[in-house]
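The block underneath contains the structure these notes are about, expressed in structure tokens.
The values are calculated or read from the model by the stated rules, or taken from the named source; none is laboratory data. As the structure is a computational prediction, the values presented were derived from the model and not from experiment. All Cβ positions, even for glycine, are placed from backbone atoms using ideal geometry, and neighbour counts span all protein chains on display.
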């Protein structure tokens, strides 16, 4: 099952090579909501693993983004103690463009997902007049 969260990118970290065959990169998103007249701000840390570590490269700190992710949980036991971990595994990031408020437009426009579009892809449409 996949989930989505939209918020502001507030941190992105370097890729870490954990083992010869496993790498990970973390980033954090600020999510602000108005709940019952109160503004609630949460900070959500995601991880991107393996070939997805580069999905955060095309966005900058402060950008509004939409993150598609899966929730994964693990059980860990050591010396008779049990602990549980939850990871939010990001697999796609889309940059969100806020429409100009001076035009009276309040809708949010989504760009093509950053990890799936290529201007040289066979599906790209070339409608330029030159």
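How many of the residues making up the range 57-102 are surrounded by 10 or more Cβ atoms within 10 Å (Cβ to Cβ) and either in contact with a helix residue (DSSP H, G or I) (Cβ under 6 Å, 6 or more places away or on another chain) or assigned to a strand (DSSP E or B) (or both)?
21
Given the criteria out of contact with any helix residue (DSSP H, G or I) (no Cβ under 7 Å at 6 or more places or on another chain) and free of Cβ contacts under 8 Å to residues at least 24 places away in the same chain, does residue 30 qualify?
It is true that residue 30 is out of contact with any helix residue (DSSP H, G or I) (no Cβ under 7 Å at 6 or more places or on another chain) and free of Cβ contacts under 8 Å to residues at least 24 places away in the same chain.
Report whether or not residue 90 is modelled with pLDDT under 55 and either touching a strand residue (DSSP E or B) at 6+ places or on another chain (Cβ under 9 Å) or closer than 19 Å to residue 6 by Cα (or both).
Numbers: modelled with pLDDT under 55: no; either touching a strand residue (DSSP E or B) at 6+ places or on another chain (Cβ under 9 Å) or closer than 19 Å to residue 6 by Cα (or both): yes.
So residue 90 fails the test.
If the Cβ limit is 8 Å and pairs must be 6+ apart or interchain, which residue in the range 68-84 that is touching a residue at least 40 places away in the same chain (Cβ under 8 Å) and on the phi > 0 side of the Ramachandran plot pairs with which residue that is exposed (fewer than 11 other Cβ atoms within 10 Å of the Cβ) and not in a strand (DSSP E or B)?
none
Modelled with pLDDT under 95 and closer than 16 Å to residue 95 by Cα: which single residue out of 78, 12, 58 fits that description?
Working: 78 fails: closer than 16 Å to residue 95 by Cα; 12 fails: modelled with pLDDT under 95.
Matching residue, one of 78, 12, 58: 58.
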